[in-house]
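J.: Here you go, one structure.
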There are 2 protein chains.
Amino acid sequence: MTTITPSTITPSTITKAACIGGGVIGGAWAARFVLAGIDTRIYDPHPEAERIIGEVMANAERAYAMLTTAPLPPRGKLIFCKSLREAVEVADWIQESVPERLELKRGVLTEIDAHARPDALIGSSTSGLLPSELQRDMAHPGRFFVAHPYNPVYLLPLVELVGGTGTTADTIARAERAAEQIGMKGVVIHKEIEAFVGDRLLEALWREALWLIHDGICDTETLDNVIRYSFGLRWAQMGLFETYRIAGGEAGMRHFLAQFGPCLSWPWTKLTDVVDLNDALVEKIGAQSDAQAKGRSIRELERIRDENLVGILQALKGGNGGEGWGAGQLLANFEQRLWREAKAPALPDPSAPLRLVEAKVSAAWVDYNGHMTEHRYLQLFGDTADALLRLIGVDMAYVEAGHSYYTVETHLRHLGEARLGQRLYTTLQLLSHDAKRLHFFSCVHDAETGAVLATAEQMMLHVDSAAGRASPAPQAVLDRLAPIAEAHGALARPEGAGRFVGQPR
Amino acid sequence: MTTITPSTITPSTITKAACIGGGVIGGAWAARFVLAGIDTRIYDPHPEAERIIGEVMANAERAYAMLTTAPLPPRGKLIFCKSLREAVEVADWIQESVPERLELKRGVLTEIDAHARPDALIGSSTSGLLPSELQRDMAHPGRFFVAHPYNPVYLLPLVELVGGTGTTADTIARAERAAEQIGMKGVVIHKEIEAFVGDRLLEALWREALWLIHDGICDTETLDNVIRYSFGLRWAQMGLFETYRIAGGEAGMRHFLAQFGPCLSWPWTKLTDVVDLNDALVEKIGAQSDAQAKGRSIRELERIRDENLVGILQALKGGNGGEGWGAGQLLANFEQRLWREAKAPALPDPSAPLRLVEAKVSAAWVDYNGHMTEHRYLQLFGDTADALLRLIGVDMAYVEAGHSYYTVETHLRHLGEARLGQRLYTTLQLLSHDAKRLHFFSCVHDAETGAVLATAEQMMLHVDSAAGRASPAPQAVLDRLAPIAEAHGALARPEGAGRFVGQPR
């Protein structure tokens, strides 16, 4: 058995990935990779693989468009391969997501092992098989690990990282960094057991749930409501122990355990029995689930789920005093990295107002009439101003170094309405500037017709953040403004500029 | 045994509540009641009861201030009583939250039974005891039920409603309506079993979690991360079965069960054993939990938890195309009811700009520098305009009847900064109006100094929503505007009004 020594391992970021198996899980891994700018090769002999992956990819693109306005890198290429070898031989990270059968996975992993680069990471999406068992027949098992994700993989950040006896520590460390690169949280489980940690917990709760349905204590909708109106809300942001720590109050965790401990020996749960999931029970659950869905298709439920997840992630991004909390902090970190790494964007054609932001109206942006709410327009205009600032070199590093532009004045006009799901884009025309001031006029357009739905005239001041007062922008920033100012000076002044509220047309 | 006949039961809303036992759970029930406008009497002989309830109440008030701008009714009175009798004898709903011992609870319930009004609802917060056992000694058991809530009761909406053999169907139906009145989701469990549904599920997962810690598979922080980065996010919005329905894809729930069923018989979980929660394990968990808290106090963790829950509830309120989903839909329904029932507010003193909205800068409102983001100012100005509209009779019913005012133009100026936790209020001065137009000038003030942080000059048009065009407002609305217009006509015109962007001072 050849051991790969640390010195042969490059710590570089992942630029090429391979997905072996392209179902719902493999396809969603591919979406994660591609949207993080990584070229991704897929091998799946299933005749419908391209269709299935295409659908997952569409869901993922839709979700990311709502999730973040951070500068995602240009999408990676998605390449369907005719052989496993073709898919894996150039990859930095190969992720296996074939059906959950030990012999099948071993065979596929052996073939990956034969064709992969020596320094490639080889992960398996197994939800329960032991990594030591899976890597048994590999010639180079050191680079193999379990990377167990959760559906929908493109939105849920957790990936459980578990090594087997043959896995090197370096592989796990590299896998953690690689997970971070694609916006995931690599949680390392140091001891391998079947089903790892997440599925152990899920399995325990699942068995109890099946008993509750089997015994007719409640139906599936009641059980789901019990979860989502109570501890589901807690667990989206803190887990089990941190929640109970709070429940213990000032007396703390030990006090809570002393209080709660005795319940464990009460005959509450049917732990000693495994429910027989026979045809009758399957039919009972199936029928209750149908009733609960109220005619909504799987596609519709996916859409609702993804919009909810996006909303929750964004809410948690604002948690803990704006620093972000849990999955929201991870999102904030991911976005800050994207901002830091974003190359100065190429200047769009300056002979017209600059086209800067593309957006789609998400559920969280509309009121109960389905119209986009007023303050979300201002959010779009803010994103548009940020995009202009990046064009002239005022990026995250610039702000962190102590200077920025602050908005001091805004004039908004509403000329039309945007509705849920509508695609929009924004344009910006520079009206004037000097060493301290930026004066510009932006529009929100309907993406289909180009019609202007709202306009904003804004004035920004260059400031010294620590001193809290206006200061002249450096020459480098002014130099980048110059060609825009020159081109836009030749454009007609927008009809709505320079107006005060209530001014007759 | 006297049975209370339906004819003696009034279906009216709850106006007086009693809380027997005022710990973390009883105190949070009191907060729910009081913030929903219900006068609440508390009986708890514990010497620290007032302090504990005061702390819970402060948390609840803080959370509600962030949660909603809907017109909460004037707070109910909170009355500490010297005897149980004094607390319960006038109450519509009596909620028992004393420690979890059958004999103690039976004694307290018998005493409540002796002094309560015949038509009172009597709920118990027990998390596990059977209602039939609890109501055994009551003379009037028909009005008794379990109302099992989840911590923090003032934010988590679930209350499991479980009747015993002596409980009438009418009592459960009334309890459901009463729960709705205070913004909770009453989920009825039709068969009584120990621990009902929620704690059955929690108990199963908790036992498995204790084994994972006991066996050293992971520590408490790892386990919490596994939950909150994956299925915790799913369960905040869909439960177990709806999530798995989606996982089954187009093939559906029955397909999923057929696939997943076999795992049940695998030897994954340690279901047959109950972990011994001895001193060593308690200490192990306590130490890991301390490390995980990273020095944060319980108060700090409560604050973070509540802000996260508020953010999640608000995100879900925007779900499902703006209709709201799960706990967010419940919040939307609660707010709509508040809007509908809100009495036309009394006109604030019109001899000065109208003071209309009070707010506190929440975590979701600040950027990573801790400053309130630009578009949240516009949100506050929008709430201020809504408050003016309610004053002149343009409320939910008015909008639903087909007319409203739409903002067409806004001029914003930023004069200062608001930071996380800062208390703010807004004022509004009417500049002019005619049958179709409302022109006004609003300010966001720091609540402590009165300093103006931002101003907005806005123009709104009265519209026929269906036709989508301007239309004259009815005389009743104009009549309500008249006294404001008259008083504000005598005020000096605000210095910032009538300005265009970049106009020299």
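The values are calculated or read from the model by the stated rules, or taken from the named source; none is laboratory data. Quick caveat, the model's predicted, so the values are computed rather than measured. Because the Cβ atoms are built from the backbone with ideal geometry, glycine has one as well, and the counts that use them run over all protein chains shown. What goes into the accessible areas is simple: the full protein's heavy atoms, side chains included, and nothing from ligands, DNA or RNA. Shrake-Rupley method; radii C 1.70, N 1.55, O 1.52, S 1.80 Å.
J.: Return a whole-number percent for the relative contact order of chain B, with Cα pairs under 8 Å and 6 or more residues apart as the contact set.
T.: 10 percent
J.: Ok, one more. If you project the alpha carbons of segment A:64-107 onto their three principal axes, what span does each projection cover, largest first, in Å?
T.: Projected onto its principal axes, the Cα set of segment A:64-107 covers 44, 23, 17 Å.
J.: Now for a separate question. Along the charge dipole of the protein assembly as shown, Cβ charges K/R +1 and D/E -1, which of A:422, A:326, B:116 sits furthest on the positive end?
T.: Value: A:422.
J.: Go ahead and estimate [θ] at 222 nm for chain A from helices alone: -39,500 (n - 2.57) per DSSP H run with n ≥ 4, summed, over the residue count, rounded to 500.
T.: Taking each H run of at least 4 residues, the total per residue is -12500 deg cm²/dmol.
J.: Jot down the radius of gyration and Dmax of chain B, Cα atoms only, both in angstrom.
T.: Looking at chain B, its Cα Rg and Dmax stand at 26.7, 84 Å.
J.: Still on this model: Describe numerically, in nm with one decimal, the distance between label points set 7 Å from Cα along Cα→Cβ at residue A:51 and at residue B:358.
T.: It is 6.0 nm.
J.: Using a 1.4 angstrom probe with every protein chain in place, what is the largest-first accessible-area order of B:16, B:105?
T.: The most accessible residue leads, giving B:16, B:105.
J.: Measuring from label point to label point, each 7 Å out along Cα→Cβ, what is the residue B:478 to residue A:294 span in nm?
T.: Result for the modelled spin labels: 4.3 nm.
J.: Rg/Rh for segment B:344-489: what does it come to with C-alpha atoms and Rh from Kirkwood?
T.: 0.99
J.: While we're looking at this one, here's another question. Before anything else, pin down the relative contact order of segment A:302-424: Cα pairs under 8 Å, at least 6 apart, normalised by residue count, whole percent.
T.: Dividing the mean separation by the residue count of segment A:302-424 yields 27 percent.
J.: Another question, if that's okay. Under Stokes-Einstein, with the Kirkwood radius over Cα pairs standing in for Rh, what whole-number D in µm²/s applies to the protein assembly as shown at 10 °C and 1.306 mPa s? Numbers along the way, then the final one.
T.: Numbers: Rh = 30.7 Å.
It comes out at roughly 52 µm²/s.
J.: Turning to a different aspect of this structure: Using DSSP H assignments, which helices in chain A have an axial alpha-carbon span of 18 Å or above and a mean Kyte-Doolittle hydropathy of -0.5 or higher?
T.: Within chain A the helices that satisfy the rule are A:49-67, A:102-115, A:198-214, A:279-293, A:298-317, A:374-391, A:475-489.
J.: I need the semi-axes of the equivalent ellipsoid of segment A:351-398: take the C-alpha gyration tensor, multiply each eigenvalue by 5, square-root it, list largest first in whole angstrom.
T.: One finds semi-axes of 26, 13, 8 Å for segment A:351-398.
J.: Further question on the same structure: So for segment B:6-196, averaging the separation of alpha carbon pairs under 8 Å that are six or more residues apart and normalising by length, what relative contact order in percent results?
T.: With pairs under 8 Å counted, the relative contact order is 21 percent.
J.: Given charges of +1 on the Cβ of Lys and Arg and -1 on the Cβ of Asp and Glu, with all other atoms neutral, how large is the dipole of the protein assembly as shown about its Cα centre, in debye to the nearest 20? If you can, show how the numbers build up before the last one.
T.: Working: 100 positive and 124 negative charges, 394 e Å.
Once rounded to the nearest 20, the dipole reads 1900 debye.
J.: Would you be so kind as to identify which of A:476, A:455, A:366 lies farthest towards the positive end of the dipole of segment A:348-505, taking Lys and Arg as +1 and Asp and Glu as -1 on Cβ and the Cα centre as origin?
T.: The residue sitting most towards the positive pole is A:455.
J.: Reachable lysines from residue A:436, Cα under 29 Å, same-chain residues fewer than 8 places away excluded?
T.: The reachable lysines, counting only those whose Cα sits under 29 Å from residue A:436, are A:343.
J.: Using only the Cα atoms of segment A:409-464, construct the convex hull and provide its projected area averaged over every direction, in square nanometres to one decimal.
T.: Details: hull surface 18.8 nm².
The directionally averaged projection comes out at 4.7 nm².
J.: Here's another thing I want to ask about it. May I ask what percent, to the nearest 5, of DSSP beta bridges between residues of the protein assembly as shown are antiparallel?
T.: In the protein assembly as shown, DSSP labels about 65 percent of beta bridges as antiparallel.
J.: Can I ask one more? Kirkwood Rh, segment A:450-505, all Cα pairs: how many Å?
T.: 14.6 Å
J.: Between residue B:132 and residue B:75, what length comes free when the chain is fully extended (0.36 nm per residue of separation minus the Cα-Cα distance, one decimal in nm)? Provide the component values of the computation, followed by the final result.
T.: Values: separation 57, 0.36 × 57 = 20.52 nm, distance 3.49 nm.
Length gained, residue B:132 through residue B:75: 17.0 nm.
J.: Mean projection of the alpha-carbon convex hull of segment A:8-196 over all orientations, in nm²?
T.: Result: a mean projected hull area of 9.4 nm².
J.: If you don't mind, there's one more thing I want to ask. For chain B, with only Lys/Arg (+1) and Asp/Glu (-1) charged at the beta-carbon, what is the dipole magnitude about the Cα centre, in debye rounded to 20?
T.: Around 1040 debye, computed over chain B.
J.: Follow-up question, since we're still on this one. Excluding residues on the same chain fewer than 8 positions from residue B:294, give the aspartates and glutamates whose Cα lies under 16 Å from its Cα.
T.: A:242, A:250, A:323, B:219, B:221, B:224, B:302
J.: Pairs of lysine in segment B:6-196 with Cα under 20 Å and at least 8 positions apart or on different chains: total?
T.: Summing the qualifying lysine pairs gives 4.
J.: How many nm separate the modelled label positions at residue A:406 and residue B:343, each set 7 Å beyond the Cα in the direction of the Cβ?
T.: 4.3 nm
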